[in-house]
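J.: Quick one: the structure is below, questions incoming.
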Amino acid sequence: MPNSLLSGEGAVGTYSELLKTGCRGDNLTPHHIPSNAFMEAKVPAYTRNKGIAMMMEHLSPGMGGRHRETLSYGQSPNLNILPRQALAREVWDVRAIYRCQGLYTPEIKRGLQQVIQQNKSAWQGAFDKWRV
């Protein structure tokens, strides 16, 4: 695992936007926050391509990477929590991964703040405190 951020790591946008910025072999992938499966189940009109994501390191199979360390990678979502809780939990998780590796830089902090803002903007009302 690199002990520094990869070029483009921490960029935020929709899943489809981020896919266009990457290229084969860059060891990056867009990570949905909250997870694609959670959002599909909980938010009407949500689609995978419109989901908010952050570019994270994702190495070749068998080699690991920060994306594979996330709580939601390869897991079924907990549908008993609110979207606001899922967003907070997954932002916290990604922050912890970068902190643990000594890579929680201002860029990553800004990226996670953008994830929160873009989700609230894209899916208005889904992340409100009062929503059940």
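J.: Given Cα pairs under 8 Å that are at least 6 residues apart, what percent is the relative contact order of the chain? Each step should come with its number before you reach the end.
T.: On the way: 174 pairs, mean separation 37.3, N = 132.
Relative contact order for the chain comes out at 28 percent.
J.: Work out, step by step, the length gained on full extension between R99 and N80: first 0.36 nm times the residue separation, then minus their alpha carbon distance; give nm to one decimal.
T.: Values: separation 19, 0.36 × 19 = 6.84 nm, distance 2.78 nm.
Using 0.36 nm per residue and subtracting the Cα-Cα distance, I get 4.1 nm.
J.: Say R0 is 25 Å: what FRET efficiency, to the nearest 0.05, do K120 and M63 get from their beta-carbon distance? Mind showing how you got there, number by number?
T.: Values: r = 34 Å, r/R0 = 1.38.
Result of the calculation: an efficiency of 0.15.
J.: Now for a separate question. Among K129, K42, K20, K50, which comes first, second and so on when ranked by fewest other beta-carbon atoms within 10 Å? Could the numbers behind the result be given before it?
T.: Numbers: K129 6, K42 18, K20 9, K50 15.
Fewest-to-most Cβ neighbours within 10 Å comes out as K129, K20, K50, K42.
J.: Under the classification rounded if a/c is under 1.5, otherwise prolate if a/b is larger than b/c and oblate if not, where does the stretch 12-122 fall, given a ≥ b ≥ c as square roots of the Cα gyration tensor eigenvalues?
T.: Details: a/c = 1.40, a/b = 1.29, b/c = 1.08.
Since a/c stays below 1.5, the shape of the stretch 12-122 is classed as rounded.
J.: Could I have the simple spin-label model distance between K109 and T47, label points 7 Å from Cα toward Cβ, reported in nm to one decimal?
T.: 3.7
J.: Please list, or write none, the lysines whose alpha carbon is within less than 24 Å of the alpha carbon of K109, excluding same-chain residues fewer than 8 places away.
T.: K20, K50, K120, K129
J.: Gap in Å between the Cα centre of the stretch 1-28 and the Cα centre of the stretch 62-87?
T.: 18
J.: Net charge near P106: determine it from the other residues with C-beta under 14 Å of the C-beta of P106, scoring Lys and Arg +1 and Asp and Glu -1. Don't skip to the answer; put the middle values down first.
T.: Working: positive: R95, R99, K109, R110; negative: E9, E107.
Around P106, the charge tally is +2.
J.: Tell me the label-point distance for the pair E40, E17, using the 7 Å Cα-to-Cβ offset, in nm and rounded to one decimal.
T.: The answer from the label model is 2.3 nm.
Just so you know, all these numbers are worked out from the coordinates, no wet-lab data involved. Since this is a predicted model, take the numbers as computed values, not measurements. Quick reminder, even Gly has a Cβ in these numbers, built from the backbone with ideal geometry, and neighbours come from all protein chains shown.
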